[in-house]
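Worksheet: one structure, shown below.
The values are calculated or read from the model by the stated rules, or taken from the named source; none is laboratory data. Bear in mind that the values here come from a model prediction, so they are computed numbers and not experimental data. Here the Cβ positions follow ideal geometry from the backbone for every residue, glycine too, while neighbour counts run over all protein chains shown.
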Amino acid sequence: MSNQNYGASNIKVLKGLEAVRKRPGMYIGDTSVKGLHHLIYEVVDNAIDEAMAGYCDQIKVTLKKDGSAVISDNGRGIPTDMHPTEKIPAATVVLTVLHAGGKFDKDTYKVSGGLHGVGVSVVNALSEKLHMTIYRNKNIHEQDFEKGIPVNELTITGNTRKTGTTIQFWPDPTIFETVDFKYEILSKRFKELAYLNPKITITFEDERIGKKEVYHFEGGINQFVQDMAKKDPICQVISYSERVEDIEVDIAFEYTTAYDEKLLSFVNNIKTPDGGTHESGFRAGLTRAVSRYIQENANAREKDTKISGDDVREGLVAIVSVRVPEPQFEGQTKGKLGSSYVKPIVQKLTYERLLKYFEENPTDAKAIMQKALLAAKGREAAKKARELTRRKDAMTVGTLPGKLADCQSKDASISELYLVEGDSAGGSAKQGRDRVFQAILPLKGKILNVEKARLDKILKSEEIKNMITALGCGIGEEFNPEKLRYHKIIIMTDADVDGSHIQTLLLTFFFRFLRPIIEEGYLYIAQPPLYRYKKGKQEIYLKDDKAMSEFLIERGIDALEVQGMGKKDLTELFKLVAFYRMTLKELDKRFSLVEVIRYLIENPDVLALDNQALFEDIKSYLDNLGYNILNKHVSEDVIHLYVQTDEGLEEIIIDDELFTNPFYNEARYIFDKISERDLTIFEGKDLLEMLDEIEKSAKKGAYIQRYKGLGEMNPEQLWETTMNPENRRLLRVSIENGESASDVFTLFMGDEVEPRRQYIEEHAKDVKHLDV
């Protein structure tokens with residue numbers, strides 16, 4: 001392909017950029033974390049389009065410490081010559097005009113991702129600053145923008161042999177709820193792109209935490225399927241690719257011993273979480289092929305089993321990727337493919353390829369057939385169990401479970417159901433509630449872990465049957481959201497490890513079997529307080545350690561006699577100091593001699609020294625504390641010491657594990673914030689010791705109770721703190737990313753122990769709150 005035909009005349013223009021800043025949600029979905037990351041995807045998608053056109057094989061994304069993101073590629077570089085109608089360089093047009101880009105010109109990109117061509121101009125409009133560098137025609141071209149407006153002209157700043165584009169942008173904090181990019185969210189997306197485009201290499205570096213990963217997968221989507229499968233496969237990966245007219249179809253899938261289905265679909269590299277015609281085509285082709293195989297190969301008894309699409313997809317792990325010129329999407333953020341002509345193409349291809357595969361691989365074909373038949377039997381057993389439950393209910397006096405204390409209201413929109421841990425808390429909740437609209441269902445012990453069982457076994461669990469009956473909306477095939485009796489379902493458990501486990505078991509049940517309840521926003525988690533503070537006639541409930549600490553500071557700050565800083569500023573300062581203390585406590589759990597770590601944080605200049613000089617500095621500090629170094633190892637990478645302290649022998653290791661620890665970096669950040677204040681007024685006093693004095697003053701004469709569980713509260717206290725709509729705090733459960741949520745439930749609640757152990761070992765040092 002020739003480079004000469006990609007120039008300014010290929011850039012088509014549709015105007016208007018001001019609207020983007022006024023209504024950003026129309027262009028990037030929303031202004032939350034999701035919308036923020038969409039900015040990076042837009043720029044990366046442009047680089048991927050270059051790769052799909054055959055001009056780019058390297059993409060690098062870097063998150064800088066100053067909050068900016070840098071995306072570089074080695075493509076052709078955005079055209080820099082004058083635009084024929086706009087009379088300014090084409091690159092400036094691409095960055096400043098809403099609908100401008102090579103995607104409207106069918107000759108430039110046959111297929112492309114990007115967001116309806118709004119792409120990088122939207123990123124520019126929603127950025128505080130943006131710097132563009134283009135390597136093209138042996139020149140380096142640069143230009144700066146602020147809030148979408150050029151600050152200078154596109155200028156040649158040097159010579160180069162390379163080609164490509166680099167965009168660095170700082171998201172606008174006045175538009176986004178947060179401008180803090182999340183490493184995990186981005187790495188997942190880049191990994192997906194590398195699977196879908198096996199010829200490209202994506203390098204992702206986060207300079208804020210010192211982490212770097214390179215994604216390149218020669219195996220493409222076959223490798224993607226194998227990595228996605230969390231359970232044992234029962235067949236090999238089945239894959240096929242074909243180009244039909246202008247549409248490219250890539251599909252890979254396998255079956256595992258799991259009970260759920262995992263299907264990810266993409267259009268032009270853009271994930272389609274809501275599916276669409278490509279997904280429905282694949283599912284229809286798959287169901288038809290498996291059903292036909294069963295009809296032709298199953299024994300006489302098995303042939304009578306009615307197979308549904310759900311049965312065929314039990315244990316399926318699949319990737320469906322299509323490349324379509326000018327795809328039609330439902331919804332601005334490309335959640336669902338609407339192009340109707342894609343379905344028959346994918347369906348026919350899947351059906352034909354699968355029948356051929358079954359002929360050539362009879363062992364795999366039989367394993368898939370047996371899996372579908374087993375799923376159908378399980379579904380039939382679940383149906384019988386549901387009918388049995390209904391018949392049993394019909395024979396009893398009331399159809400609701402005996403443990404349920406129902407509310408008087410029959411209006412679901414105002415009715416609430418509390419799922420309460422234990423009979424004693426259930427008793428308090430029944431006495432403390434407002435019986436007009438609040439119903440209570442006590443749960444005895446831990447419910448069944450539904451991640452490890454089929455629906456027929458789940459329906460034998462007494463506690464789950466009680467919940468299903470109380471909710472009234474049915475389950476499985478008979479689920480009917482209109483029959484749901486409560487539009488607020490509130491999980492209320494103790495604030496301890498067992499309470500968290502029960503919470504997780506209930507969340508697993510709702511996610512796997514009653515997901516629409518979560519999607520409608522009907523599921524909540526109660527937030528009972530951890531502390532009760534009583535002094536004189538004043539009684540206050542506090543949610544957690546942080547709330548308690550802040551309250552004590554506000555109460556005790558008057559005891560501090562300091563000139564030169566107002567009460568409000570002092571309060572804010574010591575709230576920061578409390579946060580700093582909490583972070584040091586977390587470091588103390590993970591590393592020995594936190595005093596040394598604190599010294600490194602509060603004297604950042606010493607970190608510029610080489611390790612030998614740093615060791616001498618630390619030695620001097622330890623001498624002042626009266627501690628003796630018994631053994632040492634100092635190299636370029638590590639300082640390893642054994643130190644005799646008043647408490648005994650301590651081992652100190654100062655290396656990259658310390659400097660990349662999230663708590664270490666959090667503590668440094670907080671200390672920097674504290675240091676921005678004028679601390680000379682404290683005359684060198686230790687702020688942590690002063691914080692202790694403030695808290696002691698607030699505690700004087702007060703009674704502070706720490707609740708271990710709901711059962712410790714009497715009905716009035718439970719109503720006042722956790723159930724009264726005017727005072728209570730509820731967390732609404734929502735699903736941001738269904739696929740990620742499903743992976744998390746499989747990891748933590750599934751029967752595969754090894755991945756869970758591996759995850760815990762990798763992330764143990766990042767745990768923020770551990771209650772044991």
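Structure values in brief
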| quantity | calculated |
| --- | --- |
| Spans of helices (runs of 4 or more DSSP H) in region 276-334 with at least 3 residues touching a Leu at 6+ places or on another chain (Cβ under 8 Å) and not β-branched (Val, Ile, Thr) | 277-297 |
| Residue in region 630-640 that is within 20 Å of Glu586 (Cβ to Cβ) and in the same structural domain as Lys585 (by TED's automatic domain parsing) present | no |
| Residues of region 694-733 classified as aliphatic (A, V, I, L, M), surrounded by fewer than 15 Cβ atoms within 10 Å (Cβ to Cβ) and under 35 Å from the mean Cα position of the chain (by Cα), total | 1 |
| Residues (part of a strand (DSSP E or B) and of a type in the set (S, T, N, Q)) located in region 62-88 | Thr62, Ser72 |
| Qualifying residues in region 334-354 (those that are under 33 Å from the mean Cα position of the chain (by Cα) and within 16 Å of Asp250 (Cα to Cα)) - the one surrounded by the most Cβ atoms within 10 Å (Cβ to Cβ) | Leu337 |
| Residue ID - farthest from Cys473 (Cα to Cα), chosen from residues in region 411-428 that are outside any helix (DSSP H, G or I) and either of a type in the set (A, V, I, L, M, F, W, C) or free of Cβ contacts under 8 Å to residues at least 60 places away in the same chain (or both) | Val420 |
| Helices (runs of 4 or more DSSP H) completely within region 641-726 that count 1 or more residues being hydrophobic (A, V, I, L, M, F, W, C) and within 30 Å of Leu622 (Cα to Cα) | 656-659, 662-675, 687-699 |
| The listed residue being outside the structural domain of Glu42 (by TED's automatic domain parsing), under 30 Å from Met52 (Cβ atoms) and among the polar types (S, T, N, Q), out of Ser321, Ser308 | Ser321 |
| Criterion: out of contact with any Gly (no Cβ under 9 Å at 6 or more places or on another chain), crowded, with 18+ Cβ neighbours inside 10 Å and among the aliphatic types (A, V, I, L, M) - qualifying residue of Leu607, Leu587 | Leu587 |
| Contacts under 7 angstrom Cβ, first residue in region 77-88 being aliphatic (A, V, I, L, M), partner surrounded by 21 or more Cβ atoms within 10 Å (Cβ to Cβ) and in a strand (DSSP E or B), 6 or more apart | Ile78/Ile134; Ile78/Thr165; Met82/Pro89 |
| Considering residues of region 435-462 that are under 19 Å from Asp406 (Cβ atoms) and part of a loop (DSSP other than H, G, I, E, B) only, the residue modelled with the lowest pLDDT | Lys444 |
| The listed residue being outside the structural domain of Phe437 (by TED's automatic domain parsing), of a type outside the set (A, V, I, L, M, F, W, C) and modelled with pLDDT of 85 or more, out of Glu302, Glu387, Glu314, Glu380 | Glu314 |
| Residue in region 357-368 that is surrounded by fewer than 18 Cβ atoms within 10 Å (Cβ to Cβ), β-branched (Val, Ile, Thr) and at pLDDT 90 or above present | yes |
| Only one of Thr277, Thr203 that is more than 20 Å from the chain's Cα centre (by Cα) and farther than 28 Å from Arg515 by Cβ | Thr203 |
| Qualifying residues in region 463-504 (those that are among the charged types (D, E, K, R), at pLDDT 85 or above and assigned to a helix (DSSP H, G or I)) - the one surrounded by the fewest Cβ atoms within 10 Å (Cβ to Cβ) | Glu482 |
| Qualifying residues in region 214-253 (those that are among the small types (Gly, Ala, Ser) and in a strand (DSSP E or B)) - the one modelled with the highest pLDDT | Ala252 |
